[in-house]
Amino acid sequence: MAARTLYDKLWDAHVVRTDEDGTALLYIDRHLVHEVTSPQAFEGLRLAGRRPWRIDSILATPDHNVPTVDRSLGIEDPISRIQVETLGRNCSEFGITEFDMSDPRQGIVHVVGPEEGATLPGMTVVCGDSHTSTHGAFGALAFGIGTSEVEHVLATQCLIQKKSKNMLVSVDGSVGNGVTAKDIVLAIIGEIGTAGGTGYAIEFGGQAIRELSMEGRMTVCNMTIEAGARAGMVAVDDKTIDYLHGLPYAPSAGQWQQALASWRDLRSDGEAVFDRVLHIDAASIQPQVSWGTSPEMVVAVGSRVPDPQQEADPVRREGMLAALKYMGLKANMPVSEIRPDKVFIGSCTNSRIEDLRAAAAVAKGRKVAEGIKLAMVVPGSGLVKRQAEREGLDRIFIDAGFDWREPGCSMCLAMNADRLEPGERCASTSNRNFEGRQGQGGRTHLVSPAMAAAAAIAGHFVDVRDFD
Amino acid sequence: MDAFTQMTGIVAPLDRANVDTDAIIPKQFLKSIKRTGFGPNLFDAWRYLDQGEPGMDNSKRPLNTEFVLNQARYRDASILLARKNFGCGSSREHAPWALLDYGFRAIIAPSFADIFFNNCFKNGVLPIVLSEDEVDRLFADVAAQDGYRLQVDLIGQRIITPSAAEFAFEVDPFRKHCLVNGLDDIGLTLQYVDDIRAYEARRRQEAPWLFSEPA
Ligand code: SF4
């Protein structure tokens, strides 16, 4: 057989049938469900008199609308409450496993799936959420789908898909101290732009990616969609396998060896040909801060806000001017002079235990600066929260003046009560800095957890490497 | 889903690149459990001067008169002209639902984000990719002429301007077939139930751990 990429292998293993024009029916192994993009799909299923094809492939949890304060009070906003209750009703009607708000395993769907071992190498994983790309970190083909497709997978266990092209992003060499997975992926998006990956499935490779933990790889794959590609992935290695061993949904002892044998092949063949290859020098990557309203608008923390007058392309120049206006920033000002009002550490990009450890290491023994109105830490799941509490991270955060919250999407998109007020500026570990993303008129700066914690302590952005 | 063969309509120009789905339909409106009713909140943050929340009477809200859809000449628009990477961001199908509910049946841009592009077809909205130059020319023509209308002919895969100029566009044959006939994907896939079952049986043999319940 000709040499194949990891994506080729995952694709080939899931094709049920292919039409002459290349349209394929692709089998789906794991379907993750949350409350926002599923109600209309279940409704469609009911209206057509259909039932889910394979309920054991589905795992559901509410995340977008859930409160991050005391859960015993329920959800105050009636419309949010109806949406969360609707998920509960749909799951019990069809017999689907749901980690509901009272379940200690509840959390952001992209944190919950991997930590349960519900995301496995070689799987196709879908969810009605664009950050499903996260799960590609396990050598899986994982991508976000719309609600019609959620219904399609529920009804048929398949999706109608066309194959994407192959792109390799190789991050060569090692990153320096204080440079994290978040900085790597922001730098990649800064380089290729938010449409750079459109039409491609991206495999992340190179020494710097291999050196990342599974959490770090998830952070990188999570933001693949911000580079325009639906799926991002990393080859399976020992780290992947060690992470999965013993998790509830991982293969049982009797099947473990058989699974391992098949997982070992989940990497691109040496001779495989990619349609596009991009090399990035890891050593050149600095801690990143986004300055605009698109994730490609990033700079190194030690630099200045870019000047639209230096931009030759008129559409881009207009975009930069509009972004600076919205963000309330001046061209050429040092990034270190930008002062956030709020700090948000959380989201499916950066709310795993490693992220909280990195933020806590910076916060330890220090205090949140006077000018910061709110600094909050929102663990990605109930299990992450418990682990952090076992390690005493909650005390470190609370002593420093951070809020320590219940798990959920929270201020990543502000569908619950956590949000920015108009004009407020936030240092956020989330993935999108679009206008109004964290609350209408809110201004988002995307950073790593350590950089967010450092900004909370200093009251302005600082290079975490100079932070003493 | 309504079939789409051809249509003629007023064109509204949205002169911004990278219009994301948060801008198309802000998150507070995603709490609905219905597929309809999103039209009044399409582009909510740009369209109104106040902060929109579900359940408001939108007819009483202050309009941002500078926003293109609030200008009288574009009020009845059913074709949206946009810049590159339209629909980037989240997978929310509420974005095409909102465009459709507002009255848009076709969107023309130099490029679209993948998930949004796909979601459009599932809802009878036709995303049309033209070159940057062609899109530039359309922006200029729309600005120059009040009541500018385009004819979209999906069967012939072309757009016809008021001066009878034509622009050809590509469309995936399968998607075209579904749109032209208003076909439901699920019904089509269920024709292959036997193939799916055969695949599943084989997969169960090869990778049984994918079919076992958690320990
Ligand atoms: S944390 Fe943010 S990006 Fe992730 S699933 Fe939730 S809302 Fe989406």
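Here are a few things to note about the model shown:
- Residue list for the range A:76-103, restricted to those being free of Cβ contacts under 8 Å to residues at least 40 places away in the same chain, more than 22 Å from the chain's Cα centre (by Cα) and under 21 Å from A:Ala417 (Cβ atoms): A:Pro78, A:Ile79, A:Arg81, A:Ile82, A:Glu85, A:Gly88, A:Ser102
- Counting the residues of the range B:115-150 that are under 30 Å from A:Asp129 (Cα atoms), open to solvent by 20 Å² or more (accessible area, probe 1.4 Å) and of a type in the set (Gly, Ala, Ser) gives 1.
- Cβ-Cβ contacts under 6 Å between residues 6 or more apart (or on different chains), taken from a first residue in the range A:389-410 that is within 16 Å of the ligand (Cβ to nearest atom) to a second residue that is polar (S, T, N, Q), are listed as A:Arg405/A:Thr68; A:Glu406/A:Thr68; A:Pro407/A:Ser381; A:Gly408/A:Thr68; A:Ser410/A:Thr68.
- Against the criterion of being modelled with pLDDT of 95 or more and either under 20 Å from B:Pro214 (Cα atoms) or surrounded by fewer than 14 Cβ atoms within 10 Å (Cβ to Cβ) (or both), A:Asp275 qualifies.
- Checked against (1) more than 13 Å from chain B (Cβ to nearest Cβ); (2) more than 19 Å from B:Leu30 (Cβ to Cβ); (3) within 16 Å of the ligand (Cβ to nearest atom), A:Phe99 meets all criteria but (1).
- Against the test of being in a helix (DSSP H, G or I), touching a residue at least 60 places away in the same chain (Cβ under 8 Å) and of a type outside the set (Phe, Trp, Tyr), the options A:Ala361, A:Ala272 yield a single qualifying residue, A:Ala361.
A quick yes/no check of all residues on (1) over 24 Å from A:Val16 (Cβ atoms); (2) of a type in the set (A, V, I, L, M, F, W, C); (3) touching a helix residue (DSSP H, G or I) at 6+ places or on another chain (Cβ under 8 Å):
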site	(1), (2), (3)
A:Leu120	no, yes, yes
A:Gly136	no, no, yes
A:Ser148	no, no, yes
A:Asn177	yes, no, yes
A:Thr180	yes, no, yes
A:Thr194	yes, no, yes
A:Gly205	yes, no, no
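- The lone exception for A:Ala235 - which of (1) surrounded by fewer than 24 Cβ atoms within 10 Å (Cβ to Cβ); (2) assigned to a loop (DSSP other than H, G, I, E, B); (3) at the interface with chain B (Cβ under 9 Å from one of its Cβ atoms) it fails: (3)
- Residue count for the range B:21-70, restricted to those that are assigned to a helix (DSSP H, G or I) and either open to solvent by 40 Å² or more (accessible area, probe 1.4 Å) or under 21 Å from B:Phe86 (Cβ atoms) (or both): 19.
Every residue, every condition in (1) without any contact (Cβ under 8 Å) to a residue 60 or more places away in the chain; (2) under 27 Å from A:Gly122 (Cβ atoms); (3) assigned to a helix (DSSP H, G or I), yes or no:
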residue: B:Lys176; (1), (2), (3): yes, no, yes
residue: B:Leu179; (1), (2), (3): no, no, yes
residue: B:Leu183; (1), (2), (3): no, no, no
residue: B:Gly187; (1), (2), (3): yes, no, yes
residue: B:Leu190; (1), (2), (3): yes, yes, yes
residue: B:Asp194; (1), (2), (3): yes, yes, yes
residue: B:Arg197; (1), (2), (3): yes, yes, yes
residue: B:Glu200; (1), (2), (3): yes, yes, yes
residue: B:Arg204; (1), (2), (3): yes, yes, yes
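- Among the residues of the range B:72-125, the ones that are of a type in the set (Val, Ile, Thr) and over 9 Å from the mean Cα position of the chain (by Cα) come to 3 in all.
- Taken over the range A:102-122, the criterion of being within 14 Å of another protein chain (Cβ to nearest Cβ) and either within 21 Å of A:Ser148 (Cα to Cα) or of a type in the set (Ser, Thr, Tyr) (or both) is satisfied by A:Val109, A:His110, A:Thr119.
- Residue in the range A:203-216 that is within 14 Å of chain B (Cβ to nearest Cβ), at pLDDT 95 or above, open to solvent by less than 10 Å² (accessible area, probe 1.4 Å) and within 14 Å of A:His110 (Cβ to Cβ) present: no
- Residues satisfying the stated conditions in the range A:257-268, i.e. part of a helix (DSSP H, G or I) and either open to solvent by 60 Å² or more (accessible area, probe 1.4 Å) or more than 8 Å from chain B (Cβ to nearest Cβ) (or both): A:Gln257, A:Gln258, A:Leu260, A:Ala261, A:Trp263
- Condition check for A:Thr198: over 20 Å from A:Lys9 (Cα atoms) and surrounded by 20 or more Cβ atoms within 10 Å (Cβ to Cβ): yes
- The single condition among (1) farther than 23 Å from A:His64 by Cβ; (2) hydrophobic (A, V, I, L, M, F, W, C); (3) modelled with pLDDT under 95 that A:Leu324 does not meet is (3).
- Strands (runs of 3 or more DSSP E) fully within the range A:1-73 that include at least 1 residues being more than 9 Å from chain B (Cβ to nearest Cβ) and surrounded by fewer than 21 Cβ atoms within 10 Å (Cβ to Cβ): A:15-18, A:24-27.
Listed here are the residues, each with its yes/no results for (1) away from the ligand (no atom under 16 Å from the Cβ); (2) within 7 Å of another protein chain (Cβ to nearest Cβ).
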{"position": "A:Asp129", "(1), (2)": "no, yes"}
{"position": "A:Ala142", "(1), (2)": "no, no"}
{"position": "A:Ile145", "(1), (2)": "no, yes"}
{"position": "A:Ala155", "(1), (2)": "yes, yes"}
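One line per residue, one yes/no per condition, for (1) touching a helix residue (DSSP H, G or I) at 6+ places or on another chain (Cβ under 6 Å); (2) within 16 Å of the ligand (Cβ to nearest atom):
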{"site": "A:Arg304", "(1), (2)": "no, no"}
{"site": "A:Pro314", "(1), (2)": "no, no"}
{"site": "A:Met327", "(1), (2)": "no, no"}
{"site": "A:Lys330", "(1), (2)": "no, no"}
{"site": "A:Met333", "(1), (2)": "no, no"}
{"site": "A:Ile338", "(1), (2)": "no, no"}
{"site": "A:Ile345", "(1), (2)": "yes, yes"}
{"site": "A:Asp355", "(1), (2)": "yes, yes"}
{"site": "A:Ala375", "(1), (2)": "yes, no"}
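- Applying the criterion of being free of Cβ contacts under 8 Å to residues at least 24 places away in the same chain and on the phi > 0 side of the Ramachandran plot to the residues of the range A:411-443, the residue that is nearest to the ligand (Cβ to nearest atom) is A:Gly436.
- Residues of the range B:126-147 satisfying the condition of being more than 21 Å from the chain's Cα centre (by Cα), among the charged types (D, E, K, R) and assigned to a helix (DSSP H, G or I): B:Asp133, B:Arg137, B:Asp141
- Restricting the range B:163-174 to residues that are more than 14 Å from every other protein chain (Cβ to nearest Cβ) and touching a residue at least 12 places away in the same chain (Cβ under 8 Å), the residue that is nearest to A:Ser164 (Cα to Cα) is B:Phe169.
- Qualifying residue in the range B:100-107 (condition: farther than 25 Å from A:Gln40 by Cβ and β-branched (Val, Ile, Thr)): no
- Residues in the range B:81-114 that are of a type in the set (Ser, Thr, Tyr) and either surrounded by 24 or more Cβ atoms within 10 Å (Cβ to Cβ) or more than 22 Å from B:Met1 (Cβ to Cβ) (or both): B:Ser90, B:Ser91, B:Ser111.
The values are calculated or read from the model by the stated rules, or taken from the named source; none is laboratory data. A quick note: this is a predicted structure, and the numbers were derived from the prediction, not measured. Backbone-built Cβ (ideal geometry, glycine too); neighbour counts: all protein chains shown. What goes into the accessible areas is simple: the full protein's heavy atoms, side chains included, and nothing from ligands, DNA or RNA. Shrake-Rupley method; radii C 1.70, N 1.55, O 1.52, S 1.80 Å.
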